[in-house]
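Contents: one structure, followed by commentary.
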Amino acid sequence: MTIPLAVLNDHIKVPTALCPIVTVKGNRYHALAHYAAPLPAKALKRPLANVESQADMLVSAIDTVISGI
């Protein structure tokens, strides 16, 4: 499952339960969980970073998408 990232804009309010803020290489992004989709591993290029430490937020956002809460 892949979740696209969008550049964080402090001037635009977004629901953080659905679009949590993740940090990748010191930069902050919104993870767009409502756009999550399966993507074959061979379609991905080399890894840029590991967001395993932020997995709880991402799983919670996916749960929000699925449950609608």
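The residue that is farthest from ALA61 (Cα to Cα), among those in the range 28-48 that are in contact with a strand residue (DSSP E or B) (Cβ under 8 Å, 6 or more places away or on another chain), modelled with pLDDT of 90 or more and of a type outside the set (Phe, Trp, Tyr), is LEU39.
Exactly one residue among VAL65, VAL59 is touching a helix residue (DSSP H, G or I) at 6+ places or on another chain (Cβ under 8 Å) and over 11 Å from THR2 (Cβ atoms), and that residue is VAL65.
The residue pairs whose first member lies in the range 28-54 and is over 19 Å from PRO15 (Cα atoms), whose second member is of a type outside the set (A, V, I, L, M), and whose beta carbons are closer than 7 Å, counting only pairs six or more residues apart or on different chains, are ALA37/THR2; LEU39/THR2; LEU48/LYS25; ALA49/LYS25.
The values are calculated or read from the model by the stated rules, or taken from the named source; none is laboratory data. This structure is a prediction, so every number in the text was calculated from the model and none was measured. Neighbour counts run over all protein chains shown; Cβ positions are idealised from the backbone, glycine included.
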